Ligand SMILES: [Zn+2]
């Protein structure tokens, strides 16, 4: 059985989370420095940043199953179209009949 799937890239998700947290910390550090309306507007903008990237950019291709020559295979390849992070996993073994 082979299949394709799109998911959120783990590396991009980590960078996005770090960016979001940094933005919130930066605004919180300005409490009492900015005027109340300016602070509220800045917090609203920072809180509007989604918790994870909006679009999945990590494409997975995988294949798992028995081959006609009695071997069992697992083949996986995933790659991010945004940051080029990738992961590959291959396994093949003879299956006793
Ligand atoms: Zn990525």
Which of the following residues is surrounded by 11 or more Cβ atoms within 10 Å (Cβ to Cβ), in a strand (DSSP E or B) and modelled with pLDDT of 95 or more: 93, 60?
60
Filtering segment 69-90 down to residues that are part of a strand (DSSP E or B) and within 16 Å of the ligand (Cβ to nearest atom), which residue is nearest to residue 15 (Cα to Cα)?
80
Taking segment 1-46, which residues are in a loop (DSSP other than H, G, I, E, B), touching a strand residue (DSSP E or B) at 6+ places or on another chain (Cβ under 6 Å) and more than 16 Å from the ligand (Cβ to nearest atom)?
1
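The values are calculated or read from the model by the stated rules, or taken from the named source; none is laboratory data. Predicted model only: the values in this text are computed from it and were never measured. Virtual Cβ from ideal backbone geometry, glycine too; neighbours counted across all protein chains shown.
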